[in-house]
Amino acid sequence: MSSVDTSAGLNRTAAAAAKLRHRAWYQQPRYQRLGAMVALGLLLTLVTGEQGSTDDLFGAIEADFTGPTVWVCLAITVGLWALREFVDEPVRRGWESVRSGVGGPANKVSAQVRKDPRLRWGLIALVLAVAIFLPSGLERYWQTVLVDQIAVYALLAIGLNIVIGWAGLLDLGFFAFFAVGAYSTAYWTGRLPVEPPVELNNFWVIPIAVVTCLLAGLLLGAPTLRLRGDYLAIVTLGFHEIVYLIAKNADGFTNGPSGARLVPDFSIDIGGFSYEWSLDPIPYWYLMLGFIVLLIILFARLEHSRIGRAWTAIREDEVAAAANGVNTVKYKLMAFAIGASTSGIAGVVYTSKVGYINPESFLLLYSILVLSYVIFGGMGSIPGVLIGAAFLVWLPEALRDYVDPQDRYMYLGALLVVMMIYRPQGVWPSRRRQRELKMAEEGMGDADAMSEPAGGKFS
């Protein structure tokens, strides 16, 4: 074979390889994101448009896609896509140039804040002061939302962050632990058909509810030690349904659909000093704020301890962690148990504040919402999950005067879709999570340890 033929064959091979590497325009990530945003716009048109009826099955669809709603929704979603794809990069370059110009002084200030504990604690004290004094100036409605929803979901998000953000264990039934804490309160205060050995003050119920939720976490974690990803999610989903159905059908213990009524408020009577919490939500806010601050301090220490590092190793690669001597069984059980403990506190305070619970207070939807708050805020980041819980609880309430109650969570879902397309790490992600996602985009690792490793499933 002559050198000319060899050269021609190599050229044909190179051309064929280049053709295989070529990607059509619709395969490019930019236009795939456009397709996702268009689909999201059409979905928003359906869920926020005309309501259907059995008399005319397709009348609502026709009205939605022939009216102005479809164009408004598409303008919003495609406009977001255009801003992100064509405007974001120039703005980012401009911001980088500005930041590089002031980067020296800014970095010095940031380093000084990190080094000087007085400045760091001063910032923390400022945030805490805002959390203490700001609620007093809010309307009564927003004070109730702050206690009954934001504070409760913040406690739950802190616990779920351990399971998902630190240990990488996908849990879709986390709200079941909240139900365990709530029914523990009703039982030990004598509000269920089964009489307790002794009726306790609500404060004494808190450690018992925490221990009960710890045991429930062990009960869930023990049979799921060899499961990951979708299989673990299905098991946790089943656990939630088991707890819900027991609460609904065990009339002799949980009082069935009627639930527990007249659960007493918190009260203190020590050495002549007595105080009883009433319907005013502010004292409950201070109580829950104290628990939140305490848990943040404890869990921040836990994150950087040997246990926290073991959870990180399991999340990033469980097989490699086990090969390096990490007892994965032990630490996965600890993640389930410690994460569930915050639900006991939330369940006691919420039940004492509201005074009434029934099985419909613990629907599967609420487990999905807690998971959404953690992902939106930033898995693995305590400030992130607090921001995610606060913002996503506030948003449906802020839309109550403008959006039909049936459609509020649709807007919440649309926001989550956009968030996952353009900022999957969350609003305030942990540094480790940001680094994992960046490495995954570059093909150097797997940012999602809740699924199979990047190299495929291990046999």
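The values are calculated or read from the model by the stated rules, or taken from the named source; none is laboratory data. The model shown is predicted, which means the values in this text are computed figures rather than measured ones. Neighbour counts are summed over all protein chains in view; Cβ atoms, including those assigned to glycine, are modelled from backbone coordinates with ideal geometry. The protein model used for the area step is the full one, side chains on, heavy atoms only, and it has no ligands, DNA or RNA in it. Shrake-Rupley method; radii C 1.70, N 1.55, O 1.52, S 1.80 Å.
For segment 354-373, a tally of residues being closer than 23 Å to F253 by Cβ, surrounded by 22 or more Cβ atoms within 10 Å (Cβ to Cβ) and not hydrophobic (A, V, I, L, M, F, W, C) returns 2.
Looking at Y409, Y350, which is the one that is in a helix (DSSP H, G or I) and at pLDDT 90 or above?
Y350
Residues satisfying the criterion are absent from segment 15-32 (criterion: at pLDDT 65 or above and within 30 Å of P405 (Cβ to Cβ)).
Of the set (1) open to solvent by 50 Å² or more (accessible area, probe 1.4 Å); (2) more than 22 Å from G378 (Cβ to Cβ); (3) out of contact with any Leu (no Cβ under 8 Å at 6 or more places or on another chain); (4) not assigned by TED's automatic domain parsing to the domain that holds L365, all apply to V211 but (4). Checked against the criterion of being free of Cβ contacts under 8 Å to residues at least 60 places away in the same chain, β-branched (V, I, T) and assigned to a helix (DSSP H, G or I), the candidates V194, V235, V210, V198 yield just one match: V235. Hey, among the residues in segment 238-269 that are in a strand (DSSP E or B) and either free of Cβ contacts under 8 Å to residues at least 24 places away in the same chain or of a type in the set (G, A, S) (or both), which one's most open to solvent (accessible area, probe 1.4 Å)? The residue in question is D269.
Yes or no, residue by residue, for (1) open to solvent by less than 10 Å² (accessible area, probe 1.4 Å); (2) under 19 Å from I368 (Cα atoms):
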position: G122; (1), (2): no, no
position: L128; (1), (2): no, no
position: E139; (1), (2): no, no
position: Q143; (1), (2): no, no
position: V152; (1), (2): yes, yes
position: A182; (1), (2): yes, yes
position: E195; (1), (2): no, no
position: N202; (1), (2): yes, no
position: A222; (1), (2): no, no
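Against the definition (more than 19 Å from V147 (Cα to Cα) and at pLDDT 90 or above), how does I375 come out, yes or no? When the stated conditions are applied, I375 passes them. Pairing residues of segment 115-137 that are at pLDDT 80 or above with residues that are open to solvent by 80 Å² or more (accessible area, probe 1.4 Å), at Cβ distances under 8 Å and at least 6 apart in sequence or on separate chains, gives I132/Y286.
When you scan segment 270-285, do you find a residue that is in the same structural domain as E199 (by TED's automatic domain parsing), open to solvent by 90 Å² or more (accessible area, probe 1.4 Å) and touching a residue at least 12 places away in the same chain (Cβ under 8 Å), even just one? No, the conditions are met nowhere in segment 270-285.
Within segment 68-92, the set of residues being open to solvent by less than 60 Å² (accessible area, probe 1.4 Å), at pLDDT 80 or above and more than 13 Å from M37 (Cβ to Cβ) comprises T69, V70.
Looking at (1) at pLDDT 70 or above; (2) open to solvent by 90 Å² or more (accessible area, probe 1.4 Å); (3) acidic (D, E), find the lone condition where D64 falls short. Of (1) at pLDDT 70 or above; (2) open to solvent by 90 Å² or more (accessible area, probe 1.4 Å); (3) acidic (D, E), only one is false for D64: (2).
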